[in-house]
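Here is the structure we will look at.
No value in this document is a laboratory result; all are computed from the given coordinates. Quick caveat: nothing in here was measured; it's all calculated off a predicted structure. Neighbour counts are summed over all protein chains in view; Cβ atoms, including those assigned to glycine, are modelled from backbone coordinates with ideal geometry.
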Amino acid sequence: MRKASMIAAAVAAITLGGTGTAGADIATPLVDVDTAKVAQSLQAALGSGATVGYGFAITENGKLVQTGAAGKARVDTGVAFTPFTRIEIASSTKNIVAAALLKLTEAAGLTPEAKIWPYLPPDMREGADPSWQNVKIKHILGHQSGLGQLWQNSSGVERKKMTGLYAGIKYTMTKPVTPNEAKEGYAYENLNYDVARVVISRLWRLTDPDRGLPDWIGSTSPPWTLHYVNEQLLAPAGIPWTTCLAENPDTEGRAYNRLNTAIGGSLFEMSGLDFEACASHRGLRMSAVELVRWQVYLRYGTIVSPTVRQWMDTLGLGWRPYDYLPAGGYAHGGRVHDEDGRAVRTCHGKFAGNVEVSLVVNSWIGPNDTHPCETVANAVKGAS
């Protein structure tokens, strides 16, 4: 297994010249985290056949201090996995989309308490159940809209109609939901972030009327959320344009069945009709270095305000409430797989000690398919 190493010649450090500070975070306990130990722990958990390929990156105080990778991004051609290998990041996309919607929320003079109803297209509201008039921005970003319960109580036939595409969202809104802000009201459901995609387009139109967006989007509209994420969040963080299609399929990571790589890999692209849902609940393609760079700019930079950071942290918007995270830790992971056992596992987040960590893997992790954020959390806890 290849040892983790600094990639000093390529990216000596991720440094920020902005005025943002870690003090804007809700909790940054004074904990000493040995980032070299974090890297060693990740190597131990991910190597020796536990994965097909992986890459990770670790920053401290806004600087890239550790990177590592091993295995293959493409087994058939022997392309090595590196910290710069792009791959479908699955639900790790949600952290970025949440920041996008909250940035627009603030720009529109709103708060997460604002109801989404006025920002839904007229044809969606026309057939929607009246209960949707009670759904707030914080409900959809915090998985407390009632969509999770609706999905759980729906038949297989109904679920096939409740897709993340425009028509599927419109159909879903004909069903009643019951938002619940209590802890027991939390029910993770991808559809929440598909709805967020619709609201983002409308708020962008209202806050930047010269951008050229239509008053309302429809099923054939361009992927405006993807454009907003790239233009307003990733580009200011120095991250090249990304999409839900592999721009360099020869070198980008492919998903594999860890126990049977002979069946071939999959790019897990959101192609065809599915591309309409790009940059909502999943789909962006990024590397470990790009994901950790995003986390650094989210925490310290000026692409979002301290107010947006506070909304995310205090309300748990764009983060997952994993019970194994260390104190002061915030993270969101991604898991996607197909019926043949090909899989992608990702995680990125911030931790006490002003440390950020990202991980991308193109297979299951170990025999029990350990959650990627649990892998990261254990590494951080073992180094504190």
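When only Cα pairs below 8 angstrom with a gap of at least 6 residues are kept, the chain shows a relative contact order of 29 percent.
Each of the peptides 291-301, 43-53 was scored by the mean count of other Cβ atoms within 10 Å over its residues; in descending order, highest first, they stand as 291-301, 43-53.
Scalar couplings 3J(HN,Hα) for segment 92-109, obtained by applying the Karplus form with A = 6.51, B = -1.76, C = 1.60 to θ = phi - 60°, are 4, 4, 4, 4, 6, 5, 4, 4, 5, 5, 6, 4, 6, 4, 5, 4, 7, x Hz; x denotes Gly and Pro. Looking at the chain, which longest stretch skips every one of the GluC sites (Glu not before Pro) that is in a DSSP loop with at most 13 other Cβ atoms within 10 Å, leaving the sites themselves out? Segment 1-112 is the longest. Between segment 58-87 and segment 321-384, the C-alpha centres lie 15 angstrom from each other. Note: relative contact order over segment 99-227, using C-alpha pairs below 8 Å and six or more positions apart, is 30 percent.
Take the residue pairs LYS115/LYS170; LYS37/LYS63; LYS183/LYS350; LYS94/LYS136; LYS115/LYS183; LYS72/LYS160 and return only those whose Cα atoms are more than 25 Å apart. Over 25 Å apart, Cα to Cα: LYS72/LYS160. Footprinting exposure proxy ranking of HIS227, HIS281, HIS348, fewest other C-beta atoms within 10 angstrom first, gives HIS227, HIS281, HIS348. Near ALA343, the amide H atoms lying under 5 Å from its own belong to TYR256, ASN257, TRP364; only residues 5 or more places off or on other chains count, and H is placed 1.01 Å from N. Exposure proxy shown here: for SER219, SER201, the number of other Cβ atoms within 10 Å sets the order, fewest to most, as SER219, SER201.
Between segment 237-265 and segment 160-185, the C-alpha centres lie 30 angstrom from each other. Considering only LEU273, VAL195, SER48, and ranking their Cα positions along the charge dipole of the chain that arises from unit charges at the beta-carbon of Lys, Arg, Asp and Glu, the one farthest toward the positive end is SER48. Comparing ILE140, ILE263, ILE169 in a Gaussian network model of the chain where C-alpha atoms under 10 Å apart are linked, the largest mean-square fluctuation is found at ILE263.
Taking only C-alpha pairs under 8 Å that are 6+ residues apart, what is the relative contact order of segment 145-303 in percent? Could you put the intermediate results ahead of the total?
Working: 155 pairs, mean separation 35.5, N = 159.
Answer for segment 145-303 is 22 percent.
One decimal place: the segment ASN134-ARG159 gains 6.7 nm when fully extended, by the rule 0.36 nm per residue minus the C-alpha distance.
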